[in-house]
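To start, the structure itself, in structure tokens.
No value in this document is a laboratory result; all are computed from the given coordinates. The model shown is predicted, which means the values in this text are computed figures rather than measured ones. Here the Cβ is made from the backbone with ideal geometry for all residues, glycine too, and neighbour counts use every protein chain on show.
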Amino acid sequence: GESVGLHLPTLSVQEGDNSIINCAYSNSASDYFIWYKQESGKGPQFIIDIRSNMDKRQGQRVTVLLNKTVKHLSLQIAATQPGDSAVYFCAELRAGGTSYGKLTFGQGTILTVHP
Amino acid sequence: SQTIHQWPATLVQPVGSPLSLECTVEGTSNPNLYWYRQAAGRGLQLLFYSVGIGQISSEVPQNLSASRPQDRQFILSSKKLLLSDSGFYLCAWSAENTEAFFGQGTRLTVV
């Protein structure tokens, strides 16, 4: 969307703190949401996903929350480590309709973890 | 296991020259395929996606085209590159309604 041309927002935290990264998605018809981590010069890597029929899902040190009422997604990282420093993107997938298979990304957030 | 191959890793091309970036997937059938472009320090812009052979959806009208000549091959092309085509190009694949897996990307510099 239009946000891909904007500078990415940043979040700086201390090692051991919890991090919360937020994302607003655009289409209420999206069925599936994914968080990706991208390190410099590499392709994005899958972190965690959530279906539209859920509002919370937990992984190892990460939790994703989905609020469909306000079209908001968040990623919580517990006990953030320097290795978590990267750019984090949310993505939404249309699983049906005329845009079936369309996977679009949110703006992204640069996370910097200070030792 | 499934793997995705994208090449070349870096490319420097003069303005007005053609472009062909190739992406292939192994270990799966009928994947959804995607091309994204990422400017430095920016987000991922969806360029094209394909849910099957011969089915290409174009998201952003521009100087690029995509083709899917085989089930697991996705090609991004341009007849004449512009300076504004410079960027980091990423190919990805997904199974139906699951997360996408990305290639390592091609850094294209148009000079």
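Brief remarks on what is shown
- Taking a straight Cα-Cα cut-off under 17 Å and skipping sequence neighbours fewer than 8 places away in the same chain, the lysines within cross-link reach of A:Lys56 are A:Lys68, A:Lys71.
- A compact globular protein would have a Cα radius of gyration near 2.2 N^0.38 Å; the ratio found for chain B is 1.00.
- Remark: chain B carries a charge dipole of roughly 380 debye about the Cα centre, counting +1 on each Lys and Arg Cβ and -1 on each Asp and Glu Cβ.
- Computed over the protein assembly as shown, the alpha-carbon pair-distance distribution with 5 angstrom bins reads 1, 7, 15, 18, 19, 17, 12, 7, 3, 1, 0, each value a whole percent.
- Approximate shape of chain A as ellipsoid semi-axes (Cα gyration tensor, √5λ), whole Å, largest first: 24, 16, 12
- Where labels lie 7 Å past Cα in the beta-carbon direction, separation of B:Ser29 and A:Asn67 in nm: 4.5 nm
- With at most 11 other Cβ atoms within 10 Å, longest stretch of chain B clear of loop trypsin sites (Lys or Arg not before Pro) (DSSP): B:1-78
- For the protein assembly as shown, with +1 on Lys and Arg beta carbons and -1 on Asp and Glu, the positive-most of B:Gly54, A:Gly41, A:Gly83 along the dipole: B:Gly54
- Taking 28 Å as the straight-line reach from the Cα of B:Lys79, the lysines in range (excluding those fewer than 8 positions away in the same chain) are A:Lys42, A:Lys102.
- Whole-angstrom gap from the stretch A:40-86 to the stretch B:60-111, using each part's C-alpha centre: 26 Å
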